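Novice: Starting off with a structure, shown below.
The values are calculated or read from the model by the stated rules, or taken from the named source; none is laboratory data. Bear in mind the structure is a predicted one, so any value in this text is a computation, not a measurement. FYI the Cβ positions are ideal-geometry reconstructions off the backbone, even for glycines, and counts take in every protein chain you see. The accessibility values were calculated without ligands, DNA or RNA, using every heavy atom of the protein model including side chains. Shrake-Rupley method; radii C 1.70, N 1.55, O 1.52, S 1.80 Å.
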Amino acid sequence: MSQLLSQIASTKMMAHHRPWPRAAVNAEGWRFAADQLAAGRWVLVGLWGERHAVHMAVRDEAANESAVLSFAAADGRFPSVARLHPPALRLERTIQDLFGLIAEDAPDGRPWLDHGRWGMSAPLGTHGPANAARYPFLPVEGDSLTEIAVGPVHAGIIEPGFFRFTTNGEAVVRLEQRFGYTHKGLENLMAGATLARGIDLAGRACGDSTVAYSYAFARAAEEALEVNVPPRAVWLRALMAELERMANHFGDFGAICNDAGFALMLAQCSAVRERVLRTSDTAFGHRMMRDCLAVGGVARDLAAEGITAIHALLDETGRALPRLKELYDNTASLQDRTVSTGIVTAALAKQYAAGGYVGRASGRSFDARQAPSYAPYDRLRFEVPVRQAGDADARVWIRIEEIEQSRALIRQILDHLPAGDIRAELRLPGEAREGVALVEGFRGDVFAWLRVNADGTLARAHLRDPSWFQWPLLEAAIENNIVADFPLCNKSFNCAYSGTDL
Amino acid sequence: MRKAILDNLIRGIATEPPPVPDAAMRDELARALAERARRTLGRSLSIRAVDAGSCNGCELEIHALSNPFYDLERFGFSFVASPRHADVLLVTGPVTKNMREALERTYNAMPDPKWVIAVGDCAKDGGCFKGSYACCAGVSSVVPVDLHLPGCPPNPTALLKGLLALLEAGAKRG
C-alpha cells in the first residue's frame, strides 16, 4: 500500500484502478483527508461525484504520490471538504448540482452550475423538479459602495460568465464570480458512450486546450485498458501539446498587452500565433489539432512536409521572440500597467494548488510534465520557469519563458522522433476498469478520470480543468486594484469558462 | 533603439505580407466582399459576437479574423460591443439553456435590419452536444438564423466566405 493511503485508518483498496491506487474510505477517513488538505500536507487534485459516491484525488507532493479516495454517500450526503479546505467549495457545489448529493456543513450551499433552467435538478443523479432560477449574491454592507454587474455577455469576443464588482470609488473591494453559462452536460453525454465518442467530446470541453483534454482522456483510458501506446504516437502527442502551448501563450502575450492598451503587441503576437496554427494545420491537418489524438495513439501521422514546416516555425519564432521580449521589457508605459497589478500571494497559490502560469508566477513550481511526469517528458530536457512576484507581469514572463522551453522541447522531439506505428489496437476489457491521468495543458494540469465498462463503453468520465483552482484566486487578486485593471488581470489569468462549466 | 524596433516591426508587416496558401482565392474574396459590403450597407457592417455555450474554439478563429493575416476591418467589418450598434449577430455554441435568455435579449436589443450567423457544427443543431439536458437544439431553435457556417471550428477563411454569402443574401433581400 502506498505511503499516502497507509496514513488513513480504514481503507479498502479498489481493484483495476490505474496508475494511482483508489481506496474506499469511511467518513472518518474522508475527514482525515480534508484535514491533510487544510494543513497543506496534501494537495487537492480533483473532487467529483457519481450517483451514489464522491471521489477525491489527492497528491502528496513531497513524496510524489497520488491517490483517489472514494466515499459512499449512502444517504445522499458526504462530509464537506470545503468546510476545512476552501478550494473544494465550487467542486462540491457542482457535485450537489449534478448529482443531488449534499456536502454536510458546507460553508456555501448555493448552486453553482445549475441556474434552474434545465427542467430538472440533479440531472446525473436522481432527478428532481427544477431549482429556482433566482441566485442570491453575497450581501455587501458598508458606506459608499457601488455594485457593477458585468455579463454574461461581455463586450469582447470571449466566453460568457458573470462578474459582480463591489467598488469603493475606483477600487474593487470585492469581486464575485458566477459561472455555469456554458454548461453543456458533457459528462452526462459521455456516460454510456464509446471511447471514440468520449475522446471527441473531451476534445470539445475547452477549445483552446483540445490537445490537452484529448491527451488526458486518452491516457486515462489507456491506463484503464492497459494499452501500450506506440512510441511514435507518444512523441507526436507531446509535439502537438507543445505546439498548442506555444500558440496559446503567444495569443495571451499579445492579448494581455492589448488589455493594457498596447495594441502593437497584439498585432505582432497574433501574427506569430497564426503561424503556429498554420504550421499545426500543415503538420496534422487541423489548425488546433482537434481530433488528432485517439485512444491508443494518434489519428494523424506527421509527414516530411510537416517536419519542414515545424522547423521553419522554430526558426521564425526564434527570431520573433527576442524582439517581442525586448519590446515588452523596454516599454515603460506597459510595465507600469502590468507590474504589481493583480497580485496572487504565494500562500494562496499553494493553498489552491494553482497550476500553470498562475501558480508558477507565484512561486508554485508544479508542472505535471515534471512530476508525476509521463512519457515522453521523462526523457526530455526542459526547465519549469518559476517567479515570485505573483503579478500580471510575472504571468506574462512565465508565458514567454515557457514558449522558449516549448521551442526547445519541439526541437528535441523532432530530433528523436521514433518511427513505427501510430495507433495501438484496443481490446475489450472484459471487466470494469478505471484510469486516471494528469496532463499539463498550456493553462495548467488537466485531470481526467474514467471508468470503462466490460464492453468497452464509458460508465463515467470526469474532466477537471486547471481553472477550478485559478478562478477563485482572481477574486482575491483583483481586491484593491482599480476596476479599469480588471480586463488586464483577467486576461493575465485567462481562465477557462467552458472547461470549468463542462 | 525602441523606435528602431518599432519601425522595423511595423515595416515588416506592411511591406512583406506573409505568404498565404490560397492567396488568389483570398484576394478574390476580399474584392468581392468589399464591393458587396458597399452595395448593401454603404460602407460598413458591424458584428456582435455572442458565445452561447461554445467550447471557445470558434471564438479563437473569430479572433483570428482580426490578426494581420486576415485583417477583417479592411473589408469594412468591425466587431462592436453593443448589440444596439450591430447589424450582424454571430452566434457560437449549441445554445446552452443557461445562455438562452442572454442570447434572446441580445438579439432583441439589435435594431433592424439584422442578420444572424450561426457559427460552428454545434450551433447548427447542437452538434455533438445534441440531446443534452443542458442544451437547446442549435441557434435556430432560439433566434431566426440566416446562415449556418459549418466547421469545428470553421477556419478564418470559411468565416470570411460566410460573411460574403450573407451579403449576397442581404443584397437579394434588400
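Novice: Mind telling me which of the residues A:GLY116, A:GLY156, A:GLY128, A:GLY142 ends up being touching a Gly at 6+ places or on another chain (Cβ under 7 Å) and of a type outside the set (Asp, Glu)? Walk me through how you get there before you give the answer.
Specialist: On the way: A:GLY116 fails: touching a Gly at 6+ places or on another chain (Cβ under 7 Å); A:GLY156 fails: touching a Gly at 6+ places or on another chain (Cβ under 7 Å); A:GLY142 fails: touching a Gly at 6+ places or on another chain (Cβ under 7 Å).
Criteria check complete, one pass: A:GLY128.
Novice: When the range A:228-260 is examined, which residues are found to be in contact with a helix residue (DSSP H, G or I) (Cβ under 7 Å, 6 or more places away or on another chain) and either open to solvent by 30 Å² or more (accessible area, probe 1.4 Å) or in a loop (DSSP other than H, G, I, E, B) (or both)? Quick ask: steps written out before the conclusion?
Specialist: Of all residues in the range A:228-260, those in contact with a helix residue (DSSP H, G or I) (Cβ under 7 Å, 6 or more places away or on another chain) come to A:229, A:235, A:237-260.
Listed by number, the residues that qualify are A:VAL229, A:ASN258, A:ASP259, A:ALA260.
Novice: Can you pull out the helices (runs of 4 or more DSSP H) entirely within the range A:287-385 that have at least 3 residues that are open to solvent by 30 Å² or more (accessible area, probe 1.4 Å) and over 22 Å from A:PHE250 (Cα atoms)?
Specialist: A:346-351
Novice: Are there any helices (runs of 4 or more DSSP H) wholly within the range A:436-502 with 1 or more residues that are among the basic types (Lys, Arg), and if so which?
Specialist: A:486-493
Novice: Would you please list the contacts, defined by Cβ atoms under 7 Å and residues six or more apart or on different chains, that run from a residue in the range A:323-344 that is touching a residue at least 12 places away in the same chain (Cβ under 8 Å) to a residue that is polar (S, T, N, Q) and not in a helix (DSSP H, G or I)?
Specialist: A:THR341/A:ASN481; A:GLY342/A:ASN481; A:VAL344/A:SER362
Novice: Check the range A:288-311 and report whether any residue there is touching a residue at least 24 places away in the same chain (Cβ under 8 Å) and under 19 Å from A:ILE398 (Cβ atoms).
Specialist: no
Novice: Would you say B:SER78 is within 10 Å of chain A (Cβ to nearest Cβ), open to solvent by 10 Å² or more (accessible area, probe 1.4 Å) and free of Cβ contacts under 8 Å to residues at least 60 places away in the same chain?
Specialist: No.
Novice: Taking the conditions exactly as written (assigned by TED's automatic domain parsing to the domain that holds A:ILE482, modelled with pLDDT of 95 or more, out of contact with any strand residue (DSSP E or B) (no Cβ under 7 Å at 6 or more places or on another chain) and not in a helix (DSSP H, G or I)), does A:ARG204 satisfy them or not?
Specialist: Numbers: assigned by TED's automatic domain parsing to the domain that holds A:ILE482: yes; modelled with pLDDT of 95 or more: yes; out of contact with any strand residue (DSSP E or B) (no Cβ under 7 Å at 6 or more places or on another chain): yes; not in a helix (DSSP H, G or I): yes.
Yes; evaluated as a whole, the condition is true for this residue.
Novice: Evaluate the range A:199-220: report whether one residue or more is surrounded by fewer than 21 Cβ atoms within 10 Å (Cβ to Cβ) and either in contact with a Cys (Cβ under 9 Å, 6 or more places away or on another chain) or in contact (Cβ under 8 Å) with a residue 60 or more places away in the chain (or both).
Specialist: Yes, the range A:199-220 contains at least one residue that is surrounded by fewer than 21 Cβ atoms within 10 Å (Cβ to Cβ) and either in contact with a Cys (Cβ under 9 Å, 6 or more places away or on another chain) or in contact (Cβ under 8 Å) with a residue 60 or more places away in the chain (or both).
Novice: Looking at the range A:35-70, which of its residues are closer than 16 Å to A:PRO86 by Cβ, among the charged types (D, E, K, R) and either open to solvent by less than 20 Å² (accessible area, probe 1.4 Å) or not assigned by TED's automatic domain parsing to the domain that holds A:ALA15 (or both)?
Specialist: Scanning the range A:35-70 gives no hits.
Novice: Let me ask another. Filter the range A:169-192 down to the residues that are open to solvent by 10 Å² or more (accessible area, probe 1.4 Å) and part of a loop (DSSP other than H, G, I, E, B) and list them by number.
Specialist: Across the range A:169-192, the qualifying residues are A:GLY169, A:GLU170, A:TYR181, A:ALA191, A:GLY192.
Novice: Follow-up question, since we're still on this one. Quickly run through the range B:125-166 and pick out the residues that are part of a loop (DSSP other than H, G, I, E, B), closer than 15 Å to B:GLU104 by Cα and of a type outside the set (A, V, I, L, M).
Specialist: Residues satisfying the conditions are B:CYS136, B:GLY138, B:PRO144.
Novice: Does A:SER373 satisfy the criteria of being within 30 Å of A:ASN228 (Cα to Cα), assigned by TED's automatic domain parsing to the domain that holds A:ASN481 and polar (S, T, N, Q)?
Specialist: yes
Novice: Within the range A:336-344, is even one residue on the phi > 0 side of the Ramachandran plot and among the hydroxyl-bearing types (Ser, Thr, Tyr)?
Specialist: yes
Novice: So which of B:VAL143, B:VAL139, B:VAL50 ends up being surrounded by 21 or more Cβ atoms within 10 Å (Cβ to Cβ), more than 11 Å from every other protein chain (Cβ to nearest Cβ) and closer than 30 Å to A:ALA212 by Cβ?
Specialist: B:VAL139
Novice: Restricting attention to the range B:81-102, and to residues there that are in a helix (DSSP H, G or I) and more than 16 Å from the chain's Cα centre (by Cα), which single residue is farthest from the other protein chains (Cβ to nearest Cβ)?
Specialist: Checked the range B:81-102; the qualifying residue farthest from the other protein chains (Cβ to nearest Cβ) is B:ARG84.
Novice: Additional query: Within the range A:325-343, which residues are out of contact with any Phe, Trp or Tyr (no Cβ under 9 Å at 6 or more places or on another chain) and under 20 Å from A:TRP471 (Cβ atoms)?
Specialist: A:THR341, A:ILE343
Novice: Go through the range B:107-124 and give me each residue that's in a helix (DSSP H, G or I), over 18 Å from A:ASP501 (Cβ atoms) and open to solvent by less than 60 Å² (accessible area, probe 1.4 Å).
Specialist: Correct list: B:TYR107, B:ALA109.
Novice: Also: Looking for whichever is within 14 Å of another protein chain (Cβ to nearest Cβ) and in contact with an Asp or Glu (Cβ under 7 Å, 6 or more places away or on another chain) here; the options are A:GLY161, A:GLY185, A:GLY180, A:GLY151. Which one fits?
Specialist: Numbers: A:GLY161 fails: in contact with an Asp or Glu (Cβ under 7 Å, 6 or more places away or on another chain); A:GLY185 fails: in contact with an Asp or Glu (Cβ under 7 Å, 6 or more places away or on another chain); A:GLY151 fails: in contact with an Asp or Glu (Cβ under 7 Å, 6 or more places away or on another chain).
Every option except A:GLY180 fails the conditions.
Novice: Next up: Which pairs turn up if I take residues in the range A:378-407 that are under 18 Å from A:ASP485 (Cα atoms) and look for partners that are among the basic types (Lys, Arg) and open to solvent by 30 Å² or more (accessible area, probe 1.4 Å) with beta carbon separation below 8 Å, at least 6 apart in sequence or on another chain?
Specialist: What qualifies is A:ALA392/A:ARG337; A:ALA394/A:ARG387.
Novice: Given the criteria open to solvent by less than 10 Å² (accessible area, probe 1.4 Å) and more than 21 Å from the chain's Cα centre (by Cα), does A:CYS269 qualify?
Specialist: So A:CYS269 fits the description; yes.
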